[in-house]
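Below you'll find the structure, written out as structure tokens, and then a few comments.
Nothing in this text is a laboratory measurement; each read-out follows from the coordinates by a stated rule. A quick note: this is a predicted structure, and the numbers were derived from the prediction, not measured. All Cβ positions, even for glycine, are placed from backbone atoms using ideal geometry, and neighbour counts span all protein chains on display.
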Amino acid sequence: MEVMPPLRLAGSTLFEGHALSVLQSLPSESVRCVVTSPPYWGLRDYGIEGQIGLEPTLPQFLNRLTRIFSEVKRVLTVDGTLWLNIGDSYTSGNRGYRATDKKNPARAMGTRPPTPDGLKPKDLIGVPWRLAFALQDDGWFLRSDVVWNKPNAMPESVKDRPIRSHEYLFMLTKSERYYYDHDAVKEPADGGVGKRSRRSVWNVNTKAFSGAHFATFPPELIRPCVLASSEPGDFVLDPFFGSGTVGLVSQQENRQYVGIELNPDYVQMAASRLQGLRSNVLRLAVYG
Ligand SMILES: C[S@@+](CC[C@H](N)C(=O)[O-])C[C@H]1O[C@@H](n2cnc3c(N)ncnc32)[C@H](O)[C@@H]1O
């Protein structure tokens, strides 16, 4: 494996490369907050070598992500926090592919993993919780499961279960004590008078970003994570940067950001979305 010289973070930077290899080149304890959404298991073929999400078995997928997040842990400050969003999926019953869902084209995909050992056709896999437990076993403190409720969730063509209208956002920390700005993320109290401590169900509409063929973060999902877990000037990292929403919110909140993205097309998309970034795109070798 190619060994990179250690990098110094001199300001907001977008790296084109594999999350693991770029993370391995970043200095220890250099970012205060990580907000990210890795590719979901078996949902989408991003058509690029080294991509996460097409591992043939669920344990392989979980192991690969756990390895990447252990490198994230090294890069986090001792009082740092990881906010992790990951979607769930249903077993395919070994159909091998899933046709386009007319009502929800974003769910179409060209590939589908086999049914994991011990599960049955139509089972909800529980990927988010399996990953959360794997990270807990790897030393992370699992501090909160936030339910991201999507009031504008797309309909699905199913008639034998509730339409899925939420995802999880896990709050994981490197240490038992960590930075959390409780006041910065208060929410309106019932009846709209005054404020109260933030609850664990967040209502945030999904918002498509034109040009992206994958689920992008709505900025209002990211903002409380950035405000609670970093201070102005701190570095905020997203190792699966996509269209760069974490960079955008970090910029708006006067934080610096570090983005890592494997797909050069998405790197360009994010770069043109973030003002002043074009001259600061570092290209690194891609290896899987
Ligand atoms: C769910 S999307 C992230 C979207 C992002 N949160 C946004 O708001 O646009 C996952 C991203 O991970 C990228 N990706 C897949 N495998 C990767 C890898 N090994 N290293 C870095 N990025 C990777 C994909 O290209 C995709 O852009």
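Assorted remarks:
- Taking each residue as 0.36 nm, the span from Tyr180 to Leu282 lengthens on full extension beyond its C-alpha to C-alpha distance by 33.6 nm.
- The stretch 13-283: antiparallel DSSP beta bridges as a percent of all, rounded to 5: 45
- Cα convex hull volume per residue for the chain (Å³): 139
- Cβ-defined net charge surrounding Tyr266, 11 Å radius [Lys, Arg +1; Asp, Glu -1]: -2
- Annotation for Val147 and Ser197: the two label points, set 7 Å from Cα along the Cα-Cβ direction, are 1.9 nm apart.
- Close lysine pairs were tallied over the chain: pairs 8 or more places apart or on different chains with Cα atoms under 15 Å apart number 6.
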